[in-house]
Amino acid sequence: MAQTTFSGPVVSTNGFVPPVTVTASLPAASSVAAGTMYIITDNGSGDDEYCLVISTGSAWVTAVGAALS
């Protein structure tokens, strides 16, 4: 999949398909570009819940900005 950098609002007519994984399998936040997102299926604490996480370039945070536990 190609990687593209956007500088404004993003619109997709074909949806977005982020990678899905568990917290233990996330790459180091510093190893991916800031703004990279993943869907995790264990919500950081082993629960069967989905959570969108975004890399700040130094940490993974939830979509509302809370640190991933």
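Between Met37 and Tyr50, full extension at 0.36 nm per residue minus the direct alpha carbon distance yields a gain of 3.4 nm. One chain, two ends: Ser30 and Ser12. Fully extended at 0.36 nm per residue, the span grows by 3.8 nm beyond their Cα-Cα distance. Label sites at Val22 and Ser58, each approximated as a point 7 angstrom past Cα along Cα to Cβ, lie 3.0 nm apart. Taking N as the residue count of the stretch 20-62, its C-alpha radius of gyration divided by 2.2 N^0.38 Å amounts to 1.03.
Read the figures in this text as sums done on the coordinates, not as results from a lab. From a predicted model like this one, the values you see are computed outputs, not experimental measurements. As a convention, Cβ positions derive from the backbone with ideal geometry for all residues, glycine included, and neighbour counts pool all protein chains shown.
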